[in-house]
Structures are given as C-alpha cells and as structure tokens.
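To start, the structure under review is shown below, and the notes come after it.
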C-alpha cells in the first residue's frame, strides 16, 4: 500500500498550488494538510524503528509537501509542528518495533492515503 500512498501524495503535491485566501491566511484544506504532516512525522519515526531502511524518505515527503504548498508564517509553522508532533508522539511511546507499531504504520498509511485521495478529489483542477 505504500506505493499507492506515495502516488496519491504525488497528486496532492501537484495540486497543492491551489491559491489561498491571503499570503498568511489559512487555506480551506489546512487542517487536512496538518494531519497529513503529522502522519508523515509518525511514519518517519515508526518506519525507522521497524527496520524499513528508508532513511529520510518520510521527512523528504514532508519537505516536498512544504515545497509544493509554499506556506509562509503561521501556516508553515503549523505544518512543521504537525510533523514534529507525529514524530515525537511515537518516539515517546515506542523504543522498538512492536506489533502495535506495525498496526500504527498500516493505519497511518491508510489514513494518509484517504486524506490524499479526498484532497485530490475536492481541490484538484
């Protein structure tokens, strides 16, 4: 399911240039982008402790999301905080890969895929 998630995320990145209300104002999809950022942070940590050997793959996906969206000011801060919250939340809970961590990975990939599909369906040109 990871390739599917990445494909959907790529579509989101391509469509993320939807204009916002103001330079620093919130876009209507900011809540979903913040949740996606949190999921990417969680995956960055969990996939690392579960031996996925992906290096900075999920951090790079987050950077690509920021680069595509080009948020400034408070929007950028919220997106980065979401990533860090996802990473730190799992870092405090898991020190090694457990069956529960594996379930969390699967659920996060499913949720991230759903968010990406929904955003694409709603905001793609």
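The values are calculated or read from the model by the stated rules, or taken from the named source; none is laboratory data. Since this is a predicted model, take the numbers as computed values, not measurements. With ideal geometry, Cβ positions are generated from the backbone for all residues, glycine too; neighbour counts draw on all protein chains shown.
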When the range 69-79 is checked residue by residue, the ones that are crowded, with 16+ Cβ neighbours inside 10 Å and touching a residue at least 40 places away in the same chain (Cβ under 8 Å) are 69, 75, 78, 79
Within the range 21-49, restricting to residues that are crowded, with 18+ Cβ neighbours inside 10 Å and either assigned to a loop (DSSP other than H, G, I, E, B) or on the phi > 0 side of the Ramachandran plot (or both), the one that is modelled with the lowest pLDDT is 27
- Message: Residues that are at pLDDT below 90, surrounded by 14 or more Cβ atoms within 10 Å (Cβ to Cβ) and in contact with a helix residue (DSSP H, G or I) (Cβ under 8 Å, 6 or more places away or on another chain): does the range 99-109 have at least one?
- Response: no
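Among the residues of the range 93-103, is there at least one that is without any contact (Cβ under 8 Å) to a residue 12 or more places away in the chain, closer than 26 Å to residue 28 by Cβ and out of contact with any strand residue (DSSP E or B) (no Cβ under 9 Å at 6 or more places or on another chain)?
First pass over the range 93-103, keeping only residues without any contact (Cβ under 8 Å) to a residue 12 or more places away in the chain: 93, 98-100, 103.
Next cut, closer than 26 Å to residue 28 by Cβ only: none.
Checked against the condition, which is being without any contact (Cβ under 8 Å) to a residue 12 or more places away in the chain, closer than 26 Å to residue 28 by Cβ and out of contact with any strand residue (DSSP E or B) (no Cβ under 9 Å at 6 or more places or on another chain), the range 93-103 yields no hits at all.
Name the one entry in 106, 78 that is part of a helix (DSSP H, G or I) and more than 14 Å from residue 36 (Cα to Cα). Give the steps one after another, and end with the answer.
Working: 78 fails: more than 14 Å from residue 36 (Cα to Cα).
Sole residue among the options that is part of a helix (DSSP H, G or I) and more than 14 Å from residue 36 (Cα to Cα): 106.
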For residue 53, the lone unmet condition from (1) at pLDDT below 95; (2) closer than 15 Å to residue 88 by Cα is (2)
Residue count, the range 50-61, condition closer than 16 Å to residue 105 by Cβ and in a helix (DSSP H, G or I), comes to 4
Checklist line | Filter result for residue 60 (surrounded by fewer than 16 Cβ atoms within 10 Å (Cβ to Cβ), over 21 Å from residue 114 (Cα atoms) and at pLDDT 90 or above) | finding: no
